[in-house]
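So the structure is just underneath, and the comments pick up after that.
The values are calculated or read from the model by the stated rules, or taken from the named source; none is laboratory data. Please read these numbers as outputs of a predicted model, since none were measured by experiment. Cβ atoms come from the backbone with ideal geometry, glycine included; neighbour counts cover every protein chain shown. Surface accessibility is based on the protein's heavy atoms, side chains included, excluding ligands, DNA and RNA. Shrake-Rupley method; radii C 1.70, N 1.55, O 1.52, S 1.80 Å.
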Amino acid sequence: MTDTEMVKVMEVCKDKEMPCDDCPLVEYGDCEEISRQYFYDRFKQLKAENAALRERLEKVELKGGKKDD
């Protein structure tokens, strides 16, 4: 699922007036569980990417390099 689709899922779920037909997960039976798993997986992925970027930044700073503002 793309980030754009994930945002659409959140928009549909938060707005009780919006029909589920507008949801990218409408074809799946347990869309709430599926969306929770997608969001959890994406969160873990972004957290890992953030940690890797911080580690790279620390290495650059230790070598005396400059970080971009």
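Things to note:
- Flag for residue 67 being open to solvent by 60 Å² or more (accessible area, probe 1.4 Å), at pLDDT below 85 and in contact with an Asp or Glu (Cβ under 9 Å, 6 or more places away or on another chain): yes
- Exactly one residue out of 49, 58, 32 is without any contact (Cβ under 8 Å) to a residue 60 or more places away in the chain, under 22 Å from the mean Cα position of the chain (by Cα) and open to solvent by 100 Å² or more (accessible area, probe 1.4 Å), and it is 32.
- Scanning region 8-21 for residues that are open to solvent by 70 Å² or more (accessible area, probe 1.4 Å) and assigned to a helix (DSSP H, G or I) gives 10, 11, 14, 20, 21.
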